[in-house]
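The values are calculated or read from the model by the stated rules, or taken from the named source; none is laboratory data. Just so we're clear, the structure is a prediction, and the values are computed from it rather than from any experiment. Cβ sites come from the backbone with ideal geometry, for glycine too, and all protein chains shown count toward neighbours. These area figures cover heavy atoms from the full protein model, side chains too; ligands, DNA and RNA do not enter into them. Shrake-Rupley method; radii C 1.70, N 1.55, O 1.52, S 1.80 Å.
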Amino acid sequence: MAYLTFNRSKLKHNYTALKALFDQHDIEWAIVTKLLCGEEALVKEVVDLGIKEICDARISNLKVVKELAPADVQTVYIKPPAIESIPELVEYADASFNSEFETIKAISEEAGRQGKMHKVIIMIELGDLREGIMGEELMDFYGSVFKLPNIQVTGIGSNLNCLHGVMPSTDKLIQLSLYKQLIEAKFGRKIPWVTGGTSVVIPLLQTHQLPAGINHFRVGETLFFGTDIVNHGPMDGMEQDVITLYTQIIEINEKPMLPIGELEANPQGETFEIDESLYGKTTHRAILDVGTLDISSEYLIPFKDLNIEFVGASSDMLVIDIHDNERGYKVGDFIPFHLKYMGALTLFNSYYIEKRVIDN
């Protein structure tokens with residue numbers, strides 16, 4: 001049976017490395033836990049690190065955080081909330097990212113009903129064209145929000161790279177910092193956070209290109225994968241295998257390299273071209289107990305056997321080519337894979353994949 005391992009010791013190593021980096025630059029930061037899909041045992045490992053702020057994009061996941069650490073950890077909802085979810089948002093999120101005035105107004109009313117003060121980070125559009133108000137709307141927007149009761153504006157933020165792949169730059173982040181200064185000057189209100197930092201911004205911090213005004217980061221991918229997203233490689237001094245997928249071999253056979261019979265599109269809509277040079281040739285194929293229901297092979301990274309080739313997958317099985325089977329694989333053996341972020345996300349969201357917390 002396929003399973004995921006979540007390595008407590010390596011997670012702690014990466015957390016310590018990031019904390020040292022942010023402490024060195026006097027930057028506050030939060031851990032983004034949406035990858036963990038609210039799995040209580042895994043969220044507890046993050047809470048136990050000692051972080052004081054956790055961000056997520058699902059209110060149900062923030063509820064888990066509140067149950068584990070009701071007073072110690074600030075919870076932040078990091079996408080504009082749906083109107084229908086506002087009662088639960090105010091109950092389980094101490095703060096939220098927002099870009100619609102009517103939504104913030106509804107939060108203000110609900111916070112009044114619950115006797116709470118809700119913190120708001122207003123998102124600004126810097127070019128990636130996901131959430132965020134346009135710069136020319138900024139002053140009027142903030143002016144309206146400042147008038148609302150039960151709302152405390154604690155930050156200005158932006159998101160880059162997540163939709164169209166627009167990369168952060170020194171110029172864009174200076175722009176974000178200047179917006180904050182303009183708002184403070186016009187309204188005489190202090191805005192503590194400029195949350196322009198994510199995993200993709202960490203290389204700018206390391207190379208001393210981050211504007212001084214950026215004082216808050218929210219980090220998920222680099223913590224869990226130890227990756228330098230900009231340079232598409234490992235981050236120096238960090239562990240890349242906090243999370244590992246182990247897949248079990250459920251069949252091995254020497255089979256023809258080409259399918260036999262008339263070909264049409266498979267259930268995934270894929271069609272295959274015949275390479276006539278492979279007629280009459282055979283290879284060893286292994287079937288693993290995961291499929292497209294669990295993860296796409298594009299998100300799997302072989303690391304112990306670099307000769308593995310992906311042949312294809314159906315809903316519940318993945319076929320790999322192991323060539324001459326020089327390693328002597330047999331039914332019941334496990335083949336491990338490192339994961340890309342989106343692949344890990346689908347696996348953590350799968351009811352069918354066991355998750356195990358381990359130490360080194």
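Probe radius 1.4 Å, ligands and nucleic acids left out: which of Phe334, Phe141 has the largest accessible area, and how do the rest follow?
Phe334, Phe141
By Kyte-Doolittle mean hydropathy of at least -0.5 and Cα axial length of at least 18 Å, which whole DSSP H helices of the chain are selected? Spell out each step's value before the answer.
Numbers: long enough: 8-24 (24 Å, -0.88); 101-114 (20 Å, -0.64); 170-187 (26 Å, 0.02).
Those that pass (Cα extent of 18 Å or more, hydropathy at least -0.5) are 170-187.
Among Asp275, Asp241, Asp171, which one moves the most in a GNM of the chain with springs linking Cα atoms closer than 10 Å?
Between Asp275, Asp241, Asp171, it is Asp275 that shows the largest mean-square fluctuation.
Quick check: from the Cα gyration tensor, does the stretch 260-319 come out rounded (a/c under 1.5), prolate or oblate?
It comes out oblate by the Cα gyration axes.
Rank-order 186-195, 72-81 by packing density, defined as the average count of other C-beta atoms within 10 Å over each peptide's residues, highest first.
Result, highest mean Cβ count within 10 Å first: 72-81, 186-195.
So for the chain: antiparallel DSSP bridges make up what percent, rounded to the nearest 5? Display every interim value, and only then the final one.
Details: 29 of 61 bridges.
Roughly 50 percent of the DSSP beta bridges within the chain come out antiparallel.
Using a cut-off of 13 Å between beta-carbons, work out the net charge of the residues near Ser177 (Lys and Arg +1, Asp and Glu -1, Ser177 not included).
Value of the local net charge: 0.
Kindly rank 322-329, 148-155, 159-166 from highest to lowest mean number of other beta carbons found within 10 Å of each residue. Mind dumping the intermediate values first?
On the way: 322-329: 13.1, 148-155: 17.8, 159-166: 15.4.
The densest-packed peptide leads the list: 148-155, 159-166, 322-329.
In whole angstrom, how far apart do the alpha carbon centroids of the stretch 153-196 and the stretch 248-321 sit?
47
Regarding the stretch 273-360, what are the three Cα extents along the principal axes, ordered largest first, in Å?
45, 29, 20
I want the local charge near Pro203. Using Cβ-Cβ distances under 11 Å, sum +1 for each Lys or Arg and -1 for each Asp or Glu among the other residues.
Values: positive: none; negative: Asp228, Asp236.
Here the charged neighbours net out to -2.
By its C-alpha gyration tensor, with a ≥ b ≥ c as the square roots of the eigenvalues, how is the stretch 1-96 shaped: rounded for a/c under 1.5, else prolate for a/b larger than b/c, else oblate?
On the way: a/c = 2.08, a/b = 1.27, b/c = 1.64.
Note, shape of the stretch 1-96 comes out oblate.
Which whole-number percent gives the relative contact order of the stretch 119-228, counting Cα pairs below 8 Å spaced six or more residues apart?
Dividing the mean separation by the residue count of the stretch 119-228 yields 24 percent.
Please check: in the Gaussian network model of the chain (C-alpha springs, under 10 Å), which one of His232, His338, His13 has the largest mean-square fluctuation.
Residue with maximal mean-square fluctuation among His232, His338, His13: His232.
Provide Rg over Rh for the chain; use the alpha carbon set for both Rg and the Kirkwood Rh (inverse mean inverse pair distance).
On the way: Rg = 23.8 Å, Rh = 22.7 Å.
Dividing the radius of gyration by the Kirkwood radius yields 1.05.
When the helices in the chain are scored as -39500 (n - 2.57) per DSSP H run of 4 or longer and the sum is shared across all residues, what 222 nm value do you end up with, to the nearest 500 deg cm²/dmol?
It lands at -8500 deg cm²/dmol.
For the stretch 19-75, rounded, prolate or oblate, judged on the Cα gyration tensor with a ≥ b ≥ c (square roots of eigenvalues), a/c < 1.5 rounded, else prolate if a/b > b/c?
Judged from the Cα gyration tensor, the stretch 19-75 comes out prolate (a/c at least 1.5, a/b above b/c).
Tell me the accessible surface of Leu318 in square angstrom (1.4 angstrom probe, heavy atoms of protein chains only), to the nearest ten.
The accessible area comes out at roughly 10 Å².
Tally Lys and Arg at +1 and Asp and Glu at -1 over the other residues with C-beta under 14 Å from the C-beta of Ile301: what net charge comes out? Can you show the working numbers first?
Numbers: positive: Lys304, Lys340; negative: Asp241, Glu298, Asp305, Glu309.
Local net charge: -2.
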